1. Considering only DSSP beta bridges where both residues belong to region 135-197, give the percentage that are antiparallel (nearest 5).
2. Of the options Ala257, Trp112, Ala189, report the single residue whose Cα projects farthest towards the positive end of the charge dipole of region 16-264 (beta-carbon charges: Lys, Arg +1; Asp, Glu -1).
3. Please state the relative contact order of region 64-153 as a whole percent: Cα pairs under 8 Å, 6+ residues apart?
4. Any idea what the relative contact order of region 153-275 is, in percent, if you count C-alpha pairs under 8 Å spaced at least 6 apart?
5. Given H placed on each backbone N at 1.01 Å, which residues far from Ser142 in sequence or on other chains put an amide H within less than 5 Å of it?
6. Just for region 156-275, what percent of DSSP beta bridges are antiparallel, to the closest 5?
7. Taking every DSSP beta bridge with both residues inside the chain, roughly what % is antiparallel (nearest 5)?
8. What's the angle, to the nearest 10 degrees (0 to 90), between helix 215-225's Cα axis and the longest principal axis of the chain?
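The values are calculated or read from the model by the stated rules, or taken from the named source; none is laboratory data. From a predicted model like this one, the values you see are computed outputs, not experimental measurements. We place every Cβ from the backbone using ideal geometry, glycine too, and count neighbours over all the protein chains shown. These accessible areas exclude ligands, DNA and RNA; they are computed on the full protein's heavy atoms, side chains included. Shrake-Rupley method; radii C 1.70, N 1.55, O 1.52, S 1.80 Å.
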Amino acid sequence: MTALPAPRVPLADGRSIPQLGFGTYKVPADATADLVVEALRIGYRHVDTATLYGNEAEVGDGIRRSGLDRDDVFVTTKVWNDDHGFDEALRAFDASAARLGLDEVDLYLIHWPIPSRDRYVDTWRALVRLREEGRARSIGVSNFSPAHIERIAEATGVWPVIDQVELHPRFPQRDLQRWNDAHGIVTEAWAPLARGGLLDDPALAEIARRHGRTPAQVVIRWHLDRGLVLFPKSTSAARLRENADVFDFSLDDADRAVIARLETGERTGRDPDLD
Ligand code: NAP
């Protein structure tokens, strides 16, 4: 296996983020610390969590138990929908940081814009404050469309450095990635494996067979080649290793053409504009 660490992707604020991480949505709290220790042992240096996931404390435990220096691990967490608003988001950050046992998080995101509540501009003002204070080293958004991003940027003069959105071969979000690129925003792909739903596709199986890889590895390579940041979730140490063993093969144009035909426009999650 080719060793991690993954390459780092530069952010517009001068910092950088490991391109491949470990996503922890639906990782049960009682399994999280051990899996974080294992992921860091394998060589992952980036963990994605959120208040919603109910495992921030265990992510923090895992990082401490790994014995790595705090600054060697990139930690993302997110402000949940119930905590929109300036004061609410500041309090939510304090609570997340306390659960993580960290003074600073590497990346703090607004989890969803929830346009029907229309409070995300105030929430963003709180994130700007947290970045000015250095408690959130970088700030960004999740599930934001260009219109939402333009609005927060116009209101504050501060652009997010990351937009974390659902993205996989069935729902490749090429227009959004192009727009983000043009505005200096790195696109992160959530549900990069379409939550596992994509992996029994026969066309992927054939590509995987030709490369002596697994379908998950092929999909992860596709994301990396597109310059996306991703953090596939797994509760299996073997699959965490498999998902990281992607740095010594490449897809060709024919592979990419086959993968392009998997696009159906289907999401696994909600359409953020409808909330
Ligand atoms: P995902 O990473 O696309 O897929 C996870 C599923 O794939 C799990 O069922 C996992 O099963 C399976 N899997 C993982 N590696 C595999 C492999 N090598 N072979 C076969 N199956 C494999 O889905 P996700 O967890 O929804 O997304 C990834 C991360 O994105 C989340 O964990 C979270 O950090 C973030 N996220 C963010 C948002 C947002 O709104 N911002 C929304 C959703 C997710 P096992 O666990 O059994 O291995």
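1. Given both bridge residues lie in region 135-197, the antiparallel proportion sits at roughly 10 percent.
2. Ala257
3. 31
4. 30
5. HN-HN under 5 Å from Ser142: Ile110, Gln164.
6. Around 10 percent antiparallel, to the nearest 5.
7. Beta bridges within the chain, antiparallel portion: roughly 15 percent.
8. Result, in degrees: 60.
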